[in-house]
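K.L.:
Here it is, the structure in full.
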Amino acid sequence: MTPPQRRRRYPSQETAEPPPTPAKEGQQGDTKAPERLYVVAGPDGERADIDLVTLIVARADPPPSATPEQTAMLRLCTAPLSVAELSAYLSLPFSVVTVLLTEMLTAELVQARAPIVRQALPDRSLLEAVMHGLQRL
């Protein structure tokens with residue numbers, strides 16, 4: 001899976017598009033106003049205990065009733081991704097991602113895993129000693 005391409009924060013002046021004109025009453029403009037974050041996140045209720053480094057893995061395909069943000073999360077999480085990466089890829093704040101993930105955890109669409117702690121890994125010298133011992137056999 002490849003991450004989305006980065007866009008320049010300040011586009012060069014040669015490729016700058018003119019700003020969209022506001023639609024007059026009775027007309028529908030081509031541009032759509034972005035959703036407010038409280039609309040995306042829904043009502044503020046209980047939240048799951050999720051860190052920035054918690055790994056999220058999709059357990060199911062997106063259901064037809066899923067929001068676009070939830071669908072995007074499920075498609076990104078086919079391989080384990082941290083909450084920080086999800087937040088960055090979707091351009092959503094951590095708090096909004098946490099609310100969306102809580103809903104998806106209760107619906108059992110995703111699984112949250114604790115990150116691998118560096119101290120839990122075996123020491124390199126121990127692994128080398130085992131490897132040398134196996135080579136002598």
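Quick note: the coordinates plus some simple rules give every number you see, no bench work behind them. Treat the numbers as computed from the prediction; the structure is a model and nothing was measured. No Cβ is skipped: glycine too gets one built from the backbone with ideal geometry, and neighbour counts run over all protein chains shown.
K.L.:
What does the charge add up to near Leu109, with Lys and Arg as +1, Asp and Glu as -1, over the other residues with Cβ less than 14 Å from its Cβ?
P.N.:
-2
K.L.:
Which order do the peptides 71-84, 98-111 take when ranked by the mean count of other beta-carbon atoms within 10 Å per residue, highest first?
P.N.:
98-111, 71-84
K.L.:
May I ask you to evaluate 6.51 cos²θ - 1.76 cosθ + 1.60, the Karplus curve with θ = phi - 60°, for each residue of the stretch 128-137 and list the ³J(HN,Hα) values in order in whole Hz, giving x for glycine and proline?
P.N.:
Computed from phi, the couplings for the stretch 128-137 are 5, 5, 5, 4, 5, x, 5, 5, 6, 5 Hz.
K.L.:
Given the peptides 130-136, 52-58, arrange them by the average over their residues of other C-beta atoms within 10 Å, most packed first.
P.N.:
The packing order, highest mean first, is 52-58, 130-136.
K.L.:
What distance in nm separates the two pseudo spin-label positions at Val57 and Met131, each 7 Å out from Cα along the beta-carbon direction?
P.N.:
It works out to 2.6 nm between the two label points.
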